[in-house]
Amino acid sequence: MAANAVNENDIPWGPHPRYEGLQMKVLVPGAVNPALNVSRVRVEVGKQIPPHVHAASSETFYILRGTGVCYLGDTPVPFGPGFCFYAPPGHEHRLENTGAEPVEILAVFAPPVA
C-alpha cells in the first residue's frame, strides 16, 4: 500500500449517509487505510447525531468548532473546541449541537466503518 496525502479543501461536503442535517467529508477511507477511517463531520445548529452504537469499531472524535452536549451512555458532557471523546465498540453515544454555529468534528473509526 502506498503512502497517501489529502487536502480536505479538495473534498466537497456531502450529506451524511445515515443522518439528516449532517454533512461529511471522508478524508481517509477504509479502502486507503484498512486499519481505520477518518472523516470530518458538520452538525448544523439544532441538529444532532442520534444515539447509536458501533458494534465492531471504536470511535474517537475531536471537536474542531462549535458547542453542544455529547452523551456517552447516559452521561452528558458539555463540550467546545478542543474536547476529544472516545466511544469503544458497543458503547452508545450521541451528540447535540446546542450552540449558535455548526459543530465540526474529526472522527476516527478503528477498524473502519462501512
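Things worth noting here:
- Output for region 56-75, where each listed residue is over 23 Å from VAL32 (Cβ atoms) and surrounded by 13 or more Cβ atoms within 10 Å (Cβ to Cβ): ILE63, ARG65, GLY66, THR67, GLY68, VAL69, CYS70, TYR71, LEU72
Conditions (1) in contact with an Asp or Glu (Cβ under 9 Å, 6 or more places away or on another chain); (2) of a type outside the set (Lys, Arg); (3) over 21 Å from GLY21 (Cα atoms), marked per residue:
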residue	(1), (2), (3)
GLU59	no, yes, no
ILE63	yes, yes, no
GLY66	yes, yes, no
GLY82	no, yes, yes
ALA87	yes, yes, yes
GLY90	no, yes, yes
LEU95	no, yes, no
GLU101	no, yes, no
GLU104	no, yes, no
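- The residues of region 77-88 that are surrounded by fewer than 17 Cβ atoms within 10 Å (Cβ to Cβ) and either assigned to a loop (DSSP other than H, G, I, E, B) or of a type outside the set (Ser, Thr, Tyr) (or both), listed by number, are VAL77, PRO78, GLY80, PRO81, GLY82, PHE83, CYS84, PRO88.
- Evaluated against (1) modelled with pLDDT of 95 or more; (2) assigned to a loop (DSSP other than H, G, I, E, B); (3) surrounded by 15 or more Cβ atoms within 10 Å (Cβ to Cβ), VAL113 falls short on exactly one condition, (1).
- Any hit, region 89-98, residues being out of contact with any strand residue (DSSP E or B) (no Cβ under 9 Å at 6 or more places or on another chain), part of a loop (DSSP other than H, G, I, E, B) and without any contact (Cβ under 8 Å) to a residue 12 or more places away in the chain: no
- Residue in region 1-58 that is nearest to CYS84 (Cα to Cα), counting only those that are free of Cβ contacts under 8 Å to residues at least 40 places away in the same chain and of a type in the set (S, T, N, Q): GLN23
- The set of residues in region 18-73 being acidic (Asp, Glu) and either in contact with a strand residue (DSSP E or B) (Cβ under 9 Å, 6 or more places away or on another chain) or modelled with pLDDT of 95 or more (or both) consists of GLU44, GLU59.
- Condition met for ALA107 (farther than 15 Å from ARG42 by Cα, surrounded by 16 or more Cβ atoms within 10 Å (Cβ to Cβ) and at pLDDT 95 or above): no
The values are calculated or read from the model by the stated rules, or taken from the named source; none is laboratory data. Since the structure is predicted, the reported quantities are computational estimates derived from the model, not experimental observations. Every residue, glycine among them, receives a Cβ derived from its backbone with ideal geometry; neighbour counts consider all protein chains shown.
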